[in-house]
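Worksheet: the structure to be examined is printed underneath.
The values are calculated or read from the model by the stated rules, or taken from the named source; none is laboratory data. The shown structure was predicted, so the numbers you read here are calculated from the model rather than taken from an experiment. FYI the Cβ positions are ideal-geometry reconstructions off the backbone, even for glycines, and counts take in every protein chain you see.
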Amino acid sequence: MLMAIAFLPVRTVFMALKDATVCREIPEVMSLALYYKSTWLSGEYPPAMWNVHDTDIRTNNRVESWHSKLNKIVGRQHPNVHVLVNILREEQAQMEISLNRARLGARPPSRRRKYRELDERLMRLREMFRQGDMTTDEFLTSVRHIVHHH
């Protein structure tokens, strides 16, 4: 359930966590809830930083993809600084080309059908929740189901 909380509006995140920890008699649940609250709600990572309710970007896969690509280009664990600087300069040049193409109206690479469908299902759920057609628990359960089974 905690993973799905990121899909709620920021204003409802605190209440959802409170509702999710009604099993106060289970020490592990309370320990997890306290950690989550101190780190992800009121700690150094507030909900505005990680919440994906009003965004089309759900993951950091783009960053992970770039990092993987960079590691393949570098080809070794600890390159010297000159090699790394040259690789980063080449990457910057490629990014500038991509940005210029985008400014000129070039279409971005298409995403896989599987992820387009996942995003559409999540947008429908988000809209149903906004309209009051789902409770918070129904929304969280549905999001968890979609993300887990996709």
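A search for C-beta distances below 8 Å between a residue of segment 30-52 that is in contact (Cβ under 8 Å) with a residue 24 or more places away in the chain and any residue that is assigned to a helix (DSSP H, G or I) and not hydrophobic (A, V, I, L, M, F, W, C), counting only pairs 6+ apart in sequence or on different chains, returns L41/P47. If the condition is being farther than 19 Å from S65 by Cβ, charged (D, E, K, R) and part of a helix (DSSP H, G or I), then segment 97-141 contributes R103, E117, E120, R121, R124, R126, E127, R130, D137, E138. Against the definition (within 30 Å of V13 (Cα to Cα) and either outside the structural domain of P9 (by TED's automatic domain parsing) or not in a loop (DSSP other than H, G, I, E, B) (or both)), how does V83 come out, yes or no? Against the criterion (within 30 Å of V13 (Cα to Cα) and either outside the structural domain of P9 (by TED's automatic domain parsing) or not in a loop (DSSP other than H, G, I, E, B) (or both)), V83 does not qualify.
Applying the selection to segment 97-110, what residues are within 25 Å of the chain's Cα centre (by Cα) and either within 30 Å of P9 (Cα to Cα) or surrounded by 10 or more Cβ atoms within 10 Å (Cβ to Cβ) (or both)? S98, L99, A102, P108, P109, S110, listed by residue number. Of the helices (runs of 4 or more DSSP H) lying entirely inside segment 1-79, the ones with 3 or more residues being assigned by TED's automatic domain parsing to the domain that holds M95, farther than 28 Å from M134 by Cα and at pLDDT 85 or above are found at 61-74.
Go through segment 130-146 residue by residue and tally those that are within 18 Å of V13 (Cα to Cα) and touching a Leu at 6+ places or on another chain (Cβ under 8 Å). Qualifying residue count, segment 130-146: 6. Candidates R113, R124: the one that is over 20 Å from P9 (Cβ atoms), surrounded by fewer than 13 Cβ atoms within 10 Å (Cβ to Cβ) and free of Cβ contacts under 8 Å to residues at least 60 places away in the same chain is R113. Of the conditions (1) within 13 Å of A4 (Cβ to Cβ); (2) surrounded by 13 or more Cβ atoms within 10 Å (Cβ to Cβ), D137 satisfies every one except a single condition; which number is it? Unmet condition: (2).
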